[in-house]
Amino acid sequence: MGRPKQLAGLAGQPLCLYAARALAEVYSPLLAVIPPGEVGKGIRAALAGLPFTFAVNSQPELGLASSFRVAAESLPAGLGGAAFALADMPLVTADLHLDLLSAFRETNAPVVMAAYGEGEDAVRAPPHLLRADLLPGLLTLPDADHGPRRIIAAQGKSALTLNFPATMLLDVDTPEGLEEAWAALKGGGPTVAAPAPRYPEGLMSEAALQPKVLTLEIEKLVAGGLGLARDEDGVVLVRGALPGERVRATVRAGRGVRQAVTVEVLEASPDRVDGPDLPTADLGHASYAAQLRYKRDFVQEALTRIAKLKHEVNETVPSPSEWHYRNTAQYLVTPGGLAYRERRGNDPLVVSEDPLVMEAISAIVARIDPAQLDPATEIAFRASALTGEVVAALIGAGEPRVFLRASEHLMEAGAVGVSLAQPAGRRFSAGVRLIAGETDVREQFGRVQVSVSATGFAQVNPAAAGLAYERAAELAGKGEHAVDLYGGAGAIGRHLAPNFRRVTVLDASPEALARGRQDVAESVAAGGTESNVTYVGGDAARFSELGTDVIVVDPPRAGLEEGARVHIDSSTADRLVYISCDPATWARDVGDMVRRGWKLGAVTPHDFYPQTSHIEIVSVLNR
């Protein structure tokens, strides 16, 4: 990632290319942090043809910490972790990295790093793998700090070190070292083959990492769509199994609960069906009626186990469509085609036919030549069931002019607009610019029309979301003032408008608020009655308007932060309508509000995500 000054001119040399090719065999996506100017251009040229996205570190003089910060800010969303390697230490044979990556996946260790040599003489050097939850720490590293060293040190005993022979440490801090290392690699790899890594005593043995095949009986499904089974060693969570089934499954030991994958169903559930084997459809092997039951059970379990409440949960409201309901998709751009960002193995799964997305998206995907999208690393789509139109967003580093060919290709394939989003650790947080056509399309959510873009937040199943929004409006009732916290563009708040004298929509996203104001203005101009809806920017935990009758919340998956719960409890509202996409955080918050004196009313799961284990909840609390 980073590059000491004395090595800036070595980017095109054979050993550095050897390192880059080895990385490309193992990882995707790949990000190279490069300096500005001619040196950066030289590195780009040297790595041409390899699947790298480039991010420019405009202040390389600040040391490696600045490169790590740039990397952390530029990483795409959805990663489980990241590997960090230095260009001046290209000990990156594909075998070595695969060993590190396997240990990372199987142990779920927060950090996995390499050591070369034995005992006190061992040298610890990059590459290092860091779990995704540690990456925000890279943004706070002080200048001149050498990489993620402090983060690694803070993990202490939780970090996992793999030992390799000292001969694998081909250090190239100087041109002479580069020449010597390249001589050792001329035969196509290190002169000493890498042995299997040796794991520290008591943390993880080699035998423990080998998969075992067990015969298991599935008791029930738990969150994530995993089947819960038990054997003499404890609990096993099994992917691809259903309650009541007897299965053979491969189990890999790791820290925490063991995970397994079904390889054979010995006794099938009557609820089992033939479904797509896709990383995005973790319940596609269950009948839809069974999916609705399971999802109700997820909510009931969360209430009992987390909120510590005995309370009835209504039957799950089904989605109007079981397939082709998603109005959005985001895929990797690979030489083999567009591929799922979610993985089940080392390699991305190329999309042949995605049965969950709207057919308008599938039609465009079928016309795309991935080579025409270069240098984009990902692409996002948003379709409208109302109009049939699709907008797209290319994700890649660079100015819009660099993506003109890709944009033209997408417009020819049927998109009505193309935008450009820079890679970022938090999805679409680094800015979005329009390249051609429209930025958004119109969509119907219940009783209102909303503008939605390829990069802004909107529910993925408009028809199902509309039913939930109408139910939320019923639960809110009537009154003087209603507040919609985490309101986004106001799709829920606008459903409240007919029954309240005024409605305030609060959100922290300027983009969402601007879209909402525009949508309301257009609705009012067409004769709508939403002139009583006001949009306000701000934090839900610091909202100042406590004088309200009803508060509606639809927070992110993390739920209500404690400050928001305190704020709601301190308000004059006597009713709280709580919409959630996560049973666990919803149950945590509901339990807290009940202990503060609120009473839980109707709880109804709504299925926004057929064929998956995800569920939406619409509930109400009163006092």
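Any residue in region 309-328 that is more than 13 Å from Gln611 (Cα to Cα) sitting within a Cβ distance under 8 Å of a residue that is open to solvent by 50 Å² or more (accessible area, probe 1.4 Å) and at pLDDT below 95? List the pairs, counting only those 6 or more apart or interchain.
Pairs found: Lys310/Thr304.
Just to be sure I understand the filter: pairs with C-beta atoms under 6 Å, separated by 6 or more residues or on different chains, first member in region 397-424 and under 20 Å from Thr53 (Cα atoms), second member open to solvent by 70 Å² or more (accessible area, probe 1.4 Å) and among the charged types (D, E, K, R). Which pairs pass?
Short answer, once both residue conditions are applied: Pro400/Arg433; Leu420/Arg433.
Could you please tell me which pairs satisfy a Cβ distance under 9 Å, a separation of 6+ or placement on different chains, a first residue in region 29-51 that is within 19 Å of Leu75 (Cα to Cα), and a second residue that is acidic (Asp, Glu)?
Between residues of region 29-51 that are within 19 Å of Leu75 (Cα to Cα) and residues that are acidic (Asp, Glu), the close pairs are Pro29/Glu378.
For the subset of region 462-474 comprising residues that are in contact (Cβ under 8 Å) with a residue 24 or more places away in the chain and open to solvent by 20 Å² or more (accessible area, probe 1.4 Å), which member is nearest to Arg623 (Cα to Cα)?
Here is the first cut: in region 462-474, the ones in contact (Cβ under 8 Å) with a residue 24 or more places away in the chain are 462-465, 467-473.
Narrowing further to those that are open to solvent by 20 Å² or more (accessible area, probe 1.4 Å): 463, 467, 470-471.
Values: Ala463: 32, Leu467: 26, Glu470: 22, Arg471: 20 Å.
Only one residue tops the list, namely Arg471.
Consider Tyr486 carefully, then state whether it is in contact with a strand residue (DSSP E or B) (Cβ under 8 Å, 6 or more places away or on another chain), open to solvent by 20 Å² or more (accessible area, probe 1.4 Å) and in contact (Cβ under 8 Å) with a residue 12 or more places away in the chain.
Spelling it out, Tyr486 is indeed in contact with a strand residue (DSSP E or B) (Cβ under 8 Å, 6 or more places away or on another chain), open to solvent by 20 Å² or more (accessible area, probe 1.4 Å) and in contact (Cβ under 8 Å) with a residue 12 or more places away in the chain.
Can you tell me which condition Asn314 does not meet? The list is (1) modelled with pLDDT of 90 or more; (2) open to solvent by 50 Å² or more (accessible area, probe 1.4 Å); (3) in contact with a strand residue (DSSP E or B) (Cβ under 6 Å, 6 or more places away or on another chain); (4) closer than 25 Å to Val452 by Cβ, and all the others hold.
(4)
Okay, residues lined up against (1) under 19 Å from Gly398 (Cβ atoms); (2) in a helix (DSSP H, G or I); (3) at pLDDT 70 or above:
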site	(1), (2), (3)
Ser66	no, yes, yes
Glu73	yes, yes, yes
Asp88	no, no, no
Leu91	no, no, no
Asp99	no, yes, yes
Ser102	no, yes, yes
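Out of region 373-396, which residues are open to solvent by 30 Å² or more (accessible area, probe 1.4 Å), in contact with a Lys or Arg (Cβ under 9 Å, 6 or more places away or on another chain) and touching a residue at least 60 places away in the same chain (Cβ under 8 Å)?
Across region 373-396, the qualifying residue is only Leu386.
Give Pro127, Pro148 a once-over and let me know the one that is buried (at least 19 other Cβ atoms within 10 Å of the Cβ), at pLDDT below 70, within 21 Å of His97 (Cβ to Cβ) and not polar (S, T, N, Q).
It is Pro148.
I need the strands (runs of 3 or more DSSP E) fully contained in region 509-614, keeping only those with at least 2 residues that are in contact (Cβ under 8 Å) with a residue 24 or more places away in the chain, open to solvent by 10 Å² or more (accessible area, probe 1.4 Å) and of a type outside the set (Asp, Glu). Break it down into steps so the answer makes sense when it comes.
On the way: elements: 533-537, 550-553, 575-580, 599-606.
Strands (runs of 3 or more DSSP E) meeting the threshold: 533-537, 599-606.
Hey, any hits in region 253-269 for a residue that's under 19 Å from Leu292 (Cβ atoms), of a type in the set (Gly, Ala, Ser) and touching a His at 6+ places or on another chain (Cβ under 8 Å)?
Quick first cut of region 253-269, residues under 19 Å from Leu292 (Cβ atoms) only: 269.
Of the ones still in play, those that are also of a type in the set (Gly, Ala, Ser) are 269.
Imposing the further condition that a residue be touching a His at 6+ places or on another chain (Cβ under 8 Å) reduces the set to none.
Scanning region 253-269 turns up no residue that is under 19 Å from Leu292 (Cβ atoms), of a type in the set (Gly, Ala, Ser) and touching a His at 6+ places or on another chain (Cβ under 8 Å).
Which ones in region 442-461 are within 22 Å of the chain's Cα centre (by Cα) and either over 18 Å from Pro605 (Cβ atoms) or open to solvent by 30 Å² or more (accessible area, probe 1.4 Å) (or both)?
Going through region 442-461, the residues within 22 Å of the chain's Cα centre (by Cα) turn out to be 452-461.
Correct list: Val452, Ser453, Ala454, Thr455, Gly456, Phe457, Ala458.
For Ala360, are the conditions met, namely being assigned to a helix (DSSP H, G or I), open to solvent by less than 50 Å² (accessible area, probe 1.4 Å) and within 30 Å of Gly466 (Cα to Cα)?
Considered against the rule, which asks whether it is assigned to a helix (DSSP H, G or I), open to solvent by less than 50 Å² (accessible area, probe 1.4 Å) and within 30 Å of Gly466 (Cα to Cα), Ala360 comes out as yes.
When you scan region 470-495, how many residues do you find that are in a helix (DSSP H, G or I) and either more than 24 Å from Arg575 (Cα to Cα) or in contact with an Asp or Glu (Cβ under 7 Å, 6 or more places away or on another chain) (or both)?
Total satisfying the criteria: 4.
Just wondering, is there one or more residues in region 278-289 that are at pLDDT below 95, open to solvent by 40 Å² or more (accessible area, probe 1.4 Å) and not in a strand (DSSP E or B)?
No, because not a single residue in region 278-289 is at pLDDT below 95, open to solvent by 40 Å² or more (accessible area, probe 1.4 Å) and not in a strand (DSSP E or B).
Could you run through region 254-277 and say how many residues are crowded, with 17+ Cβ neighbours inside 10 Å and either among the acidic types (Asp, Glu) or touching a Gly at 6+ places or on another chain (Cβ under 7 Å) (or both)?
3
In the set Val418, Val460, Val441, which member is among the hydrophobic types (A, V, I, L, M, F, W, C), assigned to a strand (DSSP E or B) and under 22 Å from Val520 (Cα atoms)?
Val441
Would you mind telling me which numbered condition in (1) of a type outside the set (A, V, I, L, M); (2) modelled with pLDDT of 70 or more; (3) in contact with a Lys or Arg (Cβ under 8 Å, 6 or more places away or on another chain); (4) open to solvent by 10 Å² or more (accessible area, probe 1.4 Å) Glu106 fails?
All conditions pass for Glu106, except number (2).
The values are calculated or read from the model by the stated rules, or taken from the named source; none is laboratory data. Here the structure is a predicted model, which means the values were calculated and not measured. Don't worry about glycine lacking a Cβ; one is built from the backbone with ideal geometry, like all the others, and counts go over all protein chains shown. Surface areas here come from the heavy atoms of the whole protein model, side chains and all, with no ligands, DNA or RNA. Shrake-Rupley method; radii C 1.70, N 1.55, O 1.52, S 1.80 Å.
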